[in-house]
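Here is the structure we will look at, set down as structure tokens.
The values are calculated or read from the model by the stated rules, or taken from the named source; none is laboratory data. The model shown is predicted, which means the values in this text are computed figures rather than measured ones. As a convention, Cβ positions derive from the backbone with ideal geometry for all residues, glycine included, and neighbour counts pool all protein chains shown. For the accessible areas, the whole protein counts, side chains as well, though only heavy atoms, and no ligand, DNA or RNA atoms are used. Shrake-Rupley method; radii C 1.70, N 1.55, O 1.52, S 1.80 Å.
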Number of protein chains: 2
Amino acid sequence: MTNLPASRPSRAVIEVVTPVVDAGRFAAKAALGEPVAVIADVFGEGHDAVGAALRWRFAPQGGRPSLWNEIPMQFLVNDRWTAAFEPTELGRHEFQILAWSDHLETWRHGTERKHEADVDISVELIGGEALLLDILDRARDATSPIGDDVDAVQALLADVRSGDPALLADPRWDVLSFRYGRRTPIARSNVFPVDVDRERARFSAWYEFFPRSTVGDQTGHATLRQAIDRLDRIAAMGFDVVYLPPIHPIGVVNRKGRNNATTAEPDDTGSPWGIADHLAVHPELGTIDDVRAFVAACRDRGMELAIDVAFQCTPDHPWVTEHPEWFRQRADGTIQYAENPPKKYQDIYPIEFETDDWEALWQALADVFRYWIDEGVRIFRVDNPHTKAFPFWEWCMATVRSEHPDTIFLAEAFTRPRVMERLAKVGFNQSYTYFTWRQQAWELREYFTDLATRTVDFFRPNAWPNTPDILTEQLQYGGRPVFVARAILAATLSANWGIYGPAFELLEHRAVRPGSEEYLDSEKYQIRHWDLDDPDSLAPLITRLNEIRRAQPALHHLRTLRFHDVDSEQLLCFSKTDPNGVGDPILVVVNLDGREHHAGHVHVDPRAYGLGFGDDDEFDVIDLLGGGQYRWRGWRNFVELTPGRGQAHVFAIHRPGDAR
Amino acid sequence: MTNLPASRPSRAVIEVVTPVVDAGRFAAKAALGEPVAVIADVFGEGHDAVGAALRWRFAPQGGRPSLWNEIPMQFLVNDRWTAAFEPTELGRHEFQILAWSDHLETWRHGTERKHEADVDISVELIGGEALLLDILDRARDATSPIGDDVDAVQALLADVRSGDPALLADPRWDVLSFRYGRRTPIARSNVFPVDVDRERARFSAWYEFFPRSTVGDQTGHATLRQAIDRLDRIAAMGFDVVYLPPIHPIGVVNRKGRNNATTAEPDDTGSPWGIADHLAVHPELGTIDDVRAFVAACRDRGMELAIDVAFQCTPDHPWVTEHPEWFRQRADGTIQYAENPPKKYQDIYPIEFETDDWEALWQALADVFRYWIDEGVRIFRVDNPHTKAFPFWEWCMATVRSEHPDTIFLAEAFTRPRVMERLAKVGFNQSYTYFTWRQQAWELREYFTDLATRTVDFFRPNAWPNTPDILTEQLQYGGRPVFVARAILAATLSANWGIYGPAFELLEHRAVRPGSEEYLDSEKYQIRHWDLDDPDSLAPLITRLNEIRRAQPALHHLRTLRFHDVDSEQLLCFSKTDPNGVGDPILVVVNLDGREHHAGHVHVDPRAYGLGFGDDDEFDVIDLLGGGQYRWRGWRNFVELTPGRGQAHVFAIHRPGDAR
């Protein structure tokens, strides 16, 4: 036989708690300005009433937790309860759910039903008096009884004694029962972690450019000082993160040439990812003072610098001689260069995470982040994190954030789904996605539904139409309408988006060879000159998209994304709302086809937006992107979109006649 | 900052393990004769190979666990791995997943790719020699090296030294690497519990009847000895569990009359659920010797007795006077009778699970099971378990099963979904379902899809077309075709099914009043006489259904259930296979409409059944129920079903021309 429990267990059950990642092994992600909605199944057996509370606190890693805050949970439907808290601190928080049999409510509800059925409740009222006397004692004994709670209990007690059944409908029962009702034996969920980031981790627009390339009348190898001159334009387009590829000295040994040639010509500049020193600035870009000036110039314009951290070394990197044990030795004593057989990358040595000297290695890598944090950088785009050990990232990001909780890490991994998700779980605040390769309506819908539901508590997508590594076939051959559609999709499907700047603005679409996603004359291997004043530039569209994003709270979130059926395989329709109900619902319809006109009915239930619309009511949709306003009715409305004239609608949904 | 791990952590990750219930808080359910398929996401970072093992052992509750068995896991797709074990003991088992970086496989695979790309691998072969020497040491040191493993390693070593690249494709790598490869640092999943039941918990056919009712030339109050005479017929129909409503003395105080009248007439027999003593036999049914005879008579016919355990007491139950503290006292000192306001059940006192004397109460309740187990009963249909404390059930079933692991508990709860699921989690081997009220094709599909996926690891449905409490409106008004359809659905959708016997066989459909699901002249409140020789009886259909169920392994399982689209809202189509691949795939098409003919194409992908069919191949479907055989082709085939002539097909899928 099996031993009895040590004491009578609680009859209340707590199950299926969210947001919880891997049963609490990892923290769920949250951000300032966004409520953390906790949901759980809470119930007891039979007909007895249960009470439930949400407790939460700030619990910084390595620090002392604050006191618990406690709020009542509200019943939703079918044993599901919810409560939300809005954190005000950055860093690790914790929450827990408590549940108990609510004897006072069981009594009140049962007695009310009997009274409604004209059953004599005199014996019940005597039972209620005993319950209320107990509440009264507890209210009096409370270290800080709230307001006139004691008076309220005494008033109910007088009602019970006088046999006045009106007291059963008194609105004070809930709060008094929650505050002073007996909760023993109590059920407790596990304590679950939530990591709170600043808002920019959840909502951001990134602009990537190579600072050594030139614009306007610049020539040769541009400097960081010259790159500062490009910031006004980027800020005017509405971006808030300026991301630069590595700004470090580039290795000379086995340097790659233009278009990834194995052998460099004497004047080739090499790839910025051929890093010869993680703690130095490329001399032709400038000095550490220039980095500081760049950081300040971004800040002055309401933007932030993100730098690239690529943990790999060229053969002439100081670590190779100072710490050869941090690299993999081959059987012949040489150091193993990077390879993905049969491909070889002789200019790069990968780091050996299985080194016996792992503790020193991990600290040195963390020190790279610390070094640049000391220079004012708080956002890091991490190159290929999936080829480094997950436990390293988990420790490294936790330790950096325990010192600087405003640090943001973007994972540049394009690999298998489980690996990308694990990187997000171990702490990356944002992640690159498969968006670039999801081009049909059905696959965008499937992918973003997964992102907005299954992985939404830990994986924050950052959607890019292009990167220096990815020029999709669609962009190569689709023409301007495809660039337009991809920008609109990235900026509205995802709360975080970014572009590889000049190449996207200027519709750069030439691949190095057919079948390749590499750019011809890629900036990765050479300096380019860009004519940013090209009248065909997409800058006006991008500017408008970022304006709409900033103005519309609905676009600051992913969780509320919902797709809608359309009578056309080439139209994609989705909507978003702000979880706090601020601003308008936004409804987007995009023609994914760059060549043909497409039309169809979109199926949107107007009742879903909390605007009080009925099934067949009229409402207005106002196109924030293309202009125009339409009076719609019911849940089935007609849309048509023609490439060149309007690739998409970005509608705000309004009551009829409401001013914008 | 955050402390470094105490030692270098494993780079391997183990995630999303199944079967796991609530992160391991509860045991997954398994049964003898069914493999436990364990699936998990296992991966490392980058391109390194990982190895994974499944460990499992018998770990009886309160007993000493056996040694771990260990088998390699196989790669499925996208970082998903699997392995299965087939338990041979009843009771608690445990499993765990181990994962590690597989350096030998990383070396072999990388070297093979280089060799295929004509890259010189001489340095790699030297590295391979070192790895193999290590394997050799470990094979020699193994406490029990297997077969010629040492020779095999030496042969590979010779190949490496001679530089023969053919060794890279040697089939022995996998097993040698698994047995002797270094696994440090290793990743371990949690240890997860699995409870193994006997096969009847998973696959059973129940027949319920009231033993006091009469058949044939019996008159008055039938006895258990007379009820034994009914067993041959029940066994001939193919049932294997005979379930009797409570056989205890019925209380006299406040006894209910016929058709649930509040006041009984002097000759009224009362409800069997009005229990006056849980440890005694109703004198008019017989004695404990008669129960023993009934148990033996069932066993002789390959069946088993299931008795009803209803934890509630009539006012004249001995516990009421011996343990008044086990019941709820009202404020006026009386004992609280059962009620669901405004309904009152004055003949019944519910048990007070919040009693301070809970330890003695729990033991007394467990002793009720022990008492009947000592009399040979091993199956219990538990009445209204949802109105008793979950922690009690969890302890009670664990303690009873630790003594008698072959005990089976069926939860008779028809309440909210989360409550029904919790009862299954805390240990009920089988559960009643909402099947009775799921009548449309879409709702049957939705409900059974949920049962076969989300809850399949812990909730075993037992589907009943009727019970003494539930005569659905559909059965009241649908006529014989609806009875036929419901029997076929219950017997084939669910691996466990049952009927409330004579009433179902004889198409009993008269309700006590319009809008009620209670039978007119319900056997719950009076003795009935049944004419089992009625020529319209459904016995032949039921017999055939149970024959098909026994003969077809596919119908012994729920997990493989898949639904298929049909071009008719009134046709439901689904299929099942045996998880071990034994026997034929079974494809069922049911006309849910009792009045009208319905026809349409069913969409079944013939490639899904592992029979080697292509997309457009021909195959045979043989109707095991109605007879007939059809040659089908491809994934879209025509079906028509006419009430009265054939309500359903129960097809076995065959290769064309194969004998049955």
message = Name the single residue that is farthest from the other protein chains (Cβ to nearest Cβ) among those in the stretch A:355-367 being under 28 Å from the mean Cα position of the chain (by Cα) and open to solvent by less than 10 Å² (accessible area, probe 1.4 Å).
response = A:LEU365
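A quick yes/no check of all residues on (1) in contact with a strand residue (DSSP E or B) (Cβ under 6 Å, 6 or more places away or on another chain); (2) basic (Lys, Arg); (3) open to solvent by 30 Å² or more (accessible area, probe 1.4 Å):
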{"residue": "B:PHE239", "(1), (2), (3)": "yes, no, no"}
{"residue": "B:VAL242", "(1), (2), (3)": "yes, no, no"}
{"residue": "B:GLY251", "(1), (2), (3)": "no, no, no"}
{"residue": "B:ARG258", "(1), (2), (3)": "no, yes, yes"}
{"residue": "B:THR262", "(1), (2), (3)": "no, no, yes"}
{"residue": "B:PRO266", "(1), (2), (3)": "no, no, yes"}
{"residue": "B:TRP273", "(1), (2), (3)": "no, no, no"}
{"residue": "B:GLU284", "(1), (2), (3)": "no, no, yes"}
request  = Would you be able to say whether some residue in the stretch A:467-477 is under 21 Å from A:ILE548 (Cβ atoms) and modelled with pLDDT of 95 or more?
outcome  = no
key: Yes/no for B:HIS278 being touching a Cys at 6+ places or on another chain (Cβ under 9 Å) and not hydrophobic (A, V, I, L, M, F, W, C)   = yes
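This table checks each residue for (1) surrounded by 12 or more Cβ atoms within 10 Å (Cβ to Cβ); (2) under 16 Å from A:CYS573 (Cα atoms).
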site	(1), (2)
A:VAL604	yes, yes
A:ALA608	yes, yes
A:GLY614	no, no
A:VAL621	yes, yes
A:LEU624	yes, yes
A:GLU640	yes, yes
A:GLY646	yes, yes
A:PHE651	yes, yes
A:HIS654	yes, no
inquiry  = On the basis of being away from every other protein chain (no Cβ under 13 Å), open to solvent by 40 Å² or more (accessible area, probe 1.4 Å) and not in a strand (DSSP E or B), does B:ARG64 make the cut?
reply    = yes
remark   = The lone condition B:GLU352 fails out of (1) open to solvent by less than 10 Å² (accessible area, probe 1.4 Å); (2) part of a loop (DSSP other than H, G, I, E, B) is (1)
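In the stretch B:164-212, how many residues are of a type in the set (Phe, Trp, Tyr) and in contact with a helix residue (DSSP H, G or I) (Cβ under 7 Å, 6 or more places away or on another chain)?
6
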query = Is the stretch A:336-350 home to any residue that is more than 22 Å from B:HIS115 (Cα to Cα) and under 31 Å from the mean Cα position of the chain (by Cα)?
reply = no
Qualifying residues in the stretch B:411-422 (those that are part of a helix (DSSP H, G or I) and at the interface with chain A (Cβ under 9 Å from one of its Cβ atoms)) - the one surrounded by the fewest Cβ atoms within 10 Å (Cβ to Cβ) = B:PRO417
ask   = Is it the case that some residue within the stretch B:309-316 is more than 27 Å from B:THR407 (Cα to Cα) and open to solvent by 10 Å² or more (accessible area, probe 1.4 Å)?
value = yes
message = Against the condition within 30 Å of A:SER431 (Cα to Cα), assigned to a helix (DSSP H, G or I), modelled with pLDDT of 95 or more and open to solvent by 10 Å² or more (accessible area, probe 1.4 Å), how does A:ALA293 come out, does it pass?
response = yes
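Does B:GLY333 satisfy being farther than 28 Å from B:THR269 by Cα, within 14 Å of chain A (Cβ to nearest Cβ) and either modelled with pLDDT under 95 or open to solvent by 30 Å² or more (accessible area, probe 1.4 Å) (or both)?
Answer is yes for this residue.
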Selected residue (criterion: nearest to B:TRP358 (Cα to Cα)) from residues of the stretch A:1-27 that are surrounded by fewer than 21 Cβ atoms within 10 Å (Cβ to Cβ) and in contact with a Pro (Cβ under 6 Å, 6 or more places away or on another chain) = A:ARG8
query = Under the condition of being outside any strand (DSSP E or B) and open to solvent by less than 10 Å² (accessible area, probe 1.4 Å), which residue from the stretch A:28-56 is nearest to A:TRP173 (Cα to Cα)?
reply = A:GLY44
task = All but one of (1) in contact with a Phe, Trp or Tyr (Cβ under 7 Å, 6 or more places away or on another chain); (2) away from chain B (no Cβ under 14 Å); (3) open to solvent by less than 40 Å² (accessible area, probe 1.4 Å) hold for A:ASN69, so report the exception by its number.
result = (3)
inquiry  = So, in the stretch B:1-27, exactly how many residues are within 8 Å of chain A (Cβ to nearest Cβ), assigned to a loop (DSSP other than H, G, I, E, B) and among the small types (Gly, Ala, Ser)?
reply    = 1
query = What are the residues in the stretch B:117-168 that are of a type in the set (D, E, K, R) and more than 14 Å from chain A (Cβ to nearest Cβ), if any?
reply = B:ASP137, B:ARG138, B:ARG140, B:ASP141, B:ASP148, B:ASP149, B:ASP151, B:ASP159, B:ASP164
message = Could you check the stretch B:368-395 and list, in sequence order, the residues that are surrounded by fewer than 20 Cβ atoms within 10 Å (Cβ to Cβ), within 11 Å of another protein chain (Cβ to nearest Cβ) and in contact with a His (Cβ under 9 Å, 6 or more places away or on another chain)?
response = B:ARG370
request  = Tell me which residues, restricted to the stretch A:522-542, are open to solvent by 50 Å² or more (accessible area, probe 1.4 Å) and outside any helix (DSSP H, G or I).
outcome  = A:HIS529, A:ASP531, A:ASP533, A:ASP534, A:PRO535, A:ASP536
task = Kindly indicate whether A:ARG299 is open to solvent by 30 Å² or more (accessible area, probe 1.4 Å) and in contact with a strand residue (DSSP E or B) (Cβ under 9 Å, 6 or more places away or on another chain).
result = yes
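Here is a yes/no grid of residues against (1) in contact (Cβ under 8 Å) with a residue 24 or more places away in the chain; (2) more than 14 Å from every other protein chain (Cβ to nearest Cβ); (3) under 27 Å from B:HIS93 (Cα atoms); (4) buried (at least 18 other Cβ atoms within 10 Å of the Cβ):
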residue: B:MET397; (1), (2), (3), (4): yes, no, yes, yes
residue: B:GLU403; (1), (2), (3), (4): yes, no, yes, no
residue: B:ALA424; (1), (2), (3), (4): yes, no, yes, yes
residue: B:PHE435; (1), (2), (3), (4): yes, yes, no, yes
residue: B:TRP442; (1), (2), (3), (4): yes, yes, no, no
residue: B:ASN462; (1), (2), (3), (4): yes, yes, yes, yes
residue: B:PRO468; (1), (2), (3), (4): yes, yes, no, yes
residue: B:PHE483; (1), (2), (3), (4): yes, yes, no, yes
